[in-house]
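*Asks:* First the structure, then my questions, so here it is.
The values are calculated or read from the model by the stated rules, or taken from the named source; none is laboratory data. Just so it is clear, the model here is predicted, and its values are computed rather than measured. With ideal geometry, Cβ positions are generated from the backbone for all residues, glycine too; neighbour counts draw on all protein chains shown.
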Amino acid sequence: MTSSIKQQTALIWGAAGGIGRALTAHLVETGWHVLAVARRADALAGLTPHVFEADVTVQHQVEAAVAGMAQEVEGVDLFTYTAGDIAVAPVARLTPANWQRILAANLTGAFLTTRASLPLLAPEAHLVFVGAISERLRLPGLSAYAAAKAGLEAFAVVLAKEERRRRVTVVRPAAVDTPFWERSPFRKPAGALAAETVAERILAAYRDGHSGTLDLSE
């Protein structure tokens, strides 16, 4: 008599970014069925055959992507939101458009993708959001980014209370070695974490049944 083992399914929003790409590759290598979402599907060529195109800040694109996923899978075990953006400018020179862009990518997108994905998630799915160690973000020029990441943590706390059967984790890396630094005037720390290390820690958090915040230092 043989027993079948259900293949675990992950959904990664922002899969073309440094952490998202590393997580997609790591999960595929470890035998997961991975649904990867990016603004441009061709950015994920070769990573996984299950690629969807959507801007996480546009509601109808997010909902269309989830509708497509529902045709492929019955449930998602691991939901991850790795999308984000940054702008550096003092409040006096930060334009309302840039403020809205940063909040949309880091916070509103988390809401839109979570809201659309909840019906697709397994009853005891794990939701993981990539945040940042917020205490280190309170620097001149980072008002929008710091506000968005602080809001993301508050959103996750409330979500965990509403979705009690599901685990919710906010991974808070210090510095991560990704192309994100090319959009920042700050120098990348010498001890920045590799994106692959963050991916491994996210999978470990899933396996360990983690919930709450998970700080990752250099």
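*Asks:* Restricting attention to segment 160-195, and to residues there that are out of contact with any Ser or Thr (no Cβ under 7 Å at 6 or more places or on another chain) and at pLDDT 90 or above, which single residue is surrounded by the most Cβ atoms within 10 Å (Cβ to Cβ)? So that I can check it myself, show each step before the final result.
*Replies:* From segment 160-195, those out of contact with any Ser or Thr (no Cβ under 7 Å at 6 or more places or on another chain) are 161-166, 171, 173, 175-194; that's our starting set.
Applying the additional criterion that residues be at pLDDT 90 or above yields 161-166, 171.
Numbers: Lys161: 8, Glu162: 9, Glu163: 17, Arg164: 8, Arg165: 8, Arg166: 18, Val171: 21.
Ranking the qualifying residues of segment 160-195, first place goes to Val171.
Yes/no per residue for (1) basic (Lys, Arg); (2) modelled with pLDDT of 90 or more; (3) buried (at least 21 other Cβ atoms within 10 Å of the Cβ):
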{"position": "Gln7", "(1), (2), (3)": "no, no, no"}
{"position": "Ile12", "(1), (2), (3)": "no, yes, yes"}
{"position": "Leu23", "(1), (2), (3)": "no, yes, yes"}
{"position": "His33", "(1), (2), (3)": "no, yes, no"}
{"position": "Ala41", "(1), (2), (3)": "no, no, no"}
{"position": "Gly46", "(1), (2), (3)": "no, no, no"}
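*Asks:* May I pose another question? Would you check which residues across segment 84-102 are at pLDDT 95 or above and within 29 Å of Gly209 (Cα to Cα) and list them?
*Replies:* Of everything in segment 84-102, nothing turns out to be at pLDDT 95 or above and within 29 Å of Gly209 (Cα to Cα).
*Asks:* Check whether at least one residue in segment 34-45 is closer than 25 Å to Val170 by Cα, in contact with a helix residue (DSSP H, G or I) (Cβ under 7 Å, 6 or more places away or on another chain) and charged (D, E, K, R), and report yes or no.
*Replies:* No, segment 34-45 contains no residue that is closer than 25 Å to Val170 by Cα, in contact with a helix residue (DSSP H, G or I) (Cβ under 7 Å, 6 or more places away or on another chain) and charged (D, E, K, R).
*Asks:* Still on this structure, I have one more. Among what's in segment 62-94 and is within 17 Å of the chain's Cα centre (by Cα) and of a type in the set (S, T, N, Q), pick the residue that is farthest from Glu29 (Cα to Cα).
*Replies:* Thr82
*Asks:* Also: Does Arg101 satisfy the condition of being free of Cβ contacts under 8 Å to residues at least 60 places away in the same chain, part of a helix (DSSP H, G or I), in contact with an Asp or Glu (Cβ under 7 Å, 6 or more places away or on another chain) and under 27 Å from Pro173 (Cα atoms)? Spell out the reasoning first.
*Replies:* Details: free of Cβ contacts under 8 Å to residues at least 60 places away in the same chain: yes; part of a helix (DSSP H, G or I): yes; in contact with an Asp or Glu (Cβ under 7 Å, 6 or more places away or on another chain): yes; under 27 Å from Pro173 (Cα atoms): yes.
Spelling it out, Arg101 is indeed free of Cβ contacts under 8 Å to residues at least 60 places away in the same chain, part of a helix (DSSP H, G or I), in contact with an Asp or Glu (Cβ under 7 Å, 6 or more places away or on another chain) and under 27 Å from Pro173 (Cα atoms).
*Asks:* Something else: State yes or no: is Val130 touching a residue at least 60 places away in the same chain (Cβ under 8 Å), closer than 18 Å to Ala104 by Cα and surrounded by 17 or more Cβ atoms within 10 Å (Cβ to Cβ)? Spell out the reasoning first.
*Replies:* Numbers: touching a residue at least 60 places away in the same chain (Cβ under 8 Å): yes; closer than 18 Å to Ala104 by Cα: yes; surrounded by 17 or more Cβ atoms within 10 Å (Cβ to Cβ): yes.
Yes; evaluated as a whole, the condition is true for this residue.
*Asks:* Exactly one condition in (1) surrounded by 18 or more Cβ atoms within 10 Å (Cβ to Cβ); (2) without any contact (Cβ under 8 Å) to a residue 60 or more places away in the chain; (3) not in a loop (DSSP other than H, G, I, E, B) is not met by Gly109; state its number.
*Replies:* (2)
*Asks:* Give me the strands (runs of 3 or more DSSP E) completely within segment 1-94, filtered to those with at least 1 residues that are of a type in the set (S, T, N, Q), ordered by residue number. Working first, answer last.
*Replies:* On the way: elements: 9-13, 33-38, 51-53, 76-81.
Fully inside segment 1-94 and qualifying: 9-13, 76-81.
*Asks:* Right, next: What do you reckon, is Leu152 buried (at least 20 other Cβ atoms within 10 Å of the Cβ), touching a helix residue (DSSP H, G or I) at 6+ places or on another chain (Cβ under 6 Å) and not small (Gly, Ala, Ser)?
*Replies:* Values: buried (at least 20 other Cβ atoms within 10 Å of the Cβ): yes; touching a helix residue (DSSP H, G or I) at 6+ places or on another chain (Cβ under 6 Å): yes; not small (Gly, Ala, Ser): yes.
Spelling it out, Leu152 is indeed buried (at least 20 other Cβ atoms within 10 Å of the Cβ), touching a helix residue (DSSP H, G or I) at 6+ places or on another chain (Cβ under 6 Å) and not small (Gly, Ala, Ser).
*Asks:* Take the residues in segment 133-149 that are free of Cβ contacts under 8 Å to residues at least 40 places away in the same chain, in contact with a helix residue (DSSP H, G or I) (Cβ under 7 Å, 6 or more places away or on another chain) and not in a loop (DSSP other than H, G, I, E, B); name whichever of them is farthest from Pro96 (Cα to Cα).
*Replies:* Ser134
*Asks:* Mind checking which pairs have a first residue in segment 16-38 that is closer than 15 Å to Arg201 by Cα and a second that is among the acidic types (Asp, Glu), Cβ under 7 Å, 6 or more apart or different chains?
*Replies:* Once the first residue is closer than 15 Å to Arg201 by Cα and sits in segment 16-38, its partners that are among the acidic types (Asp, Glu) give Ala22/Glu196; His26/Glu196; His26/Glu200.
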